[in-house]
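Engineer: After the structure tokens below, expect a handful of questions from me.
The values are calculated or read from the model by the stated rules, or taken from the named source; none is laboratory data. All values derive from a computational prediction rather than experimental measurement. For neighbour counting, all protein chains shown are included, and Cβ atoms are generated from backbone atoms with ideal geometry for every residue, glycine included. When the accessible area is computed, the model is the full protein with side chains, heavy atoms only, and any ligands, DNA or RNA have been set aside. Shrake-Rupley method; radii C 1.70, N 1.55, O 1.52, S 1.80 Å.
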Amino acid sequence: MWRCSIKRCHLCGQSRELVAGHIFPAFVCKKYVSDVDHGGGFLDLEGMRVTNRQLKRAWFCGECDNEVLSKTENYAARFCERIEGDPTTAHIYDEHLLRFAVSISWRVAKGCMEESTSQQEREMLKKPSRRWKEFLRDERPNILPYSQHLFVVFDNTGGLHKALRGAPFFDERLLLSQVGPLFLVGLLDRTHLSLKDIAVWGRSEIDPAGGTLSAISEWRVGENVTEECASLFGQHEIDTTRRILGMRRRGR
Ligand SMILES: [Zn+2]
């Protein structure tokens, strides 16, 4: 791991030596994406070129990287293992799952803000990003209205769960991140949503206190997913499958 000079850590705000950490958790890269023979190796962050190298950024000090972010990632890795071992059962999760989801959405939002040339887009990401950061710093007890939603997908036939991606969808006002089998959505705004859609989003919302969750067997518009989000997931699935197949054809 290379280190750079003393700079302000993007999480704790202290001037410290920063480490180049993964944007996406290493466990997902290792477990779901590094298996190139079976379609792994696909990384994408909107606005960045497509690559199969792991994306790294020197944003955090060693303490934030190891103590705050790695802890949530270890929890998510164990959660994935449990749910993969028995996908049809509802599994209990605790408060660490929300912290994991927030840390992913926040890092994706940060990456997009750094890359985007549009002032309007950066503005849209600014408030949710700040709220998520404050939550990770334990300065706020909740993240509302910028809630986090989770869908667990294991697609053993098509290999859809062997991908990493993080991208903003400004028309839909959300961030969609896929970290292996975990499909995470961070809402950037709720003011455009109908009461019906808010109720549907409520069913996938990660409860800060914990709850239960099982793998998604099918998308049911109006029940577990909104029409708008279902169409995004559909397009995401097409894009991802196409790229995975493309990589297989190129022998990667
Ligand atoms: Zn720090």
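Engineer: If you check Ser231 against the conditions, is it part of a loop (DSSP other than H, G, I, E, B) and either among the aromatic types (Phe, Trp, Tyr) or over 26 Å from Lys56 (Cβ atoms) (or both)?
Structural biologist: no
Engineer: In this structure, does Arg8 turn out to be modelled with pLDDT of 75 or more, surrounded by fewer than 20 Cβ atoms within 10 Å (Cβ to Cβ) and over 16 Å from the mean Cα position of the chain (by Cα)?
Structural biologist: Here the answer is yes, as Arg8 does meet what is asked.
Engineer: Tell me, which strands (runs of 3 or more DSSP E) wholly within region 112-218 include 3 or more residues that are modelled with pLDDT of 90 or more, within 15 Å of Ala101 (Cα to Cα) and open to solvent by less than 50 Å² (accessible area, probe 1.4 Å)?
Structural biologist: Once the strands (runs of 3 or more DSSP E) in region 112-218 are filtered for at least 3 residues that are modelled with pLDDT of 90 or more, within 15 Å of Ala101 (Cα to Cα) and open to solvent by less than 50 Å² (accessible area, probe 1.4 Å), what remains is 148-152, 174-179, 182-187.
Engineer: If we scan region 87-104, do we find a residue that is among the basic types (Lys, Arg) and within 16 Å of the ligand (Cβ to nearest atom)?
Structural biologist: The answer is yes; a qualifying residue exists.
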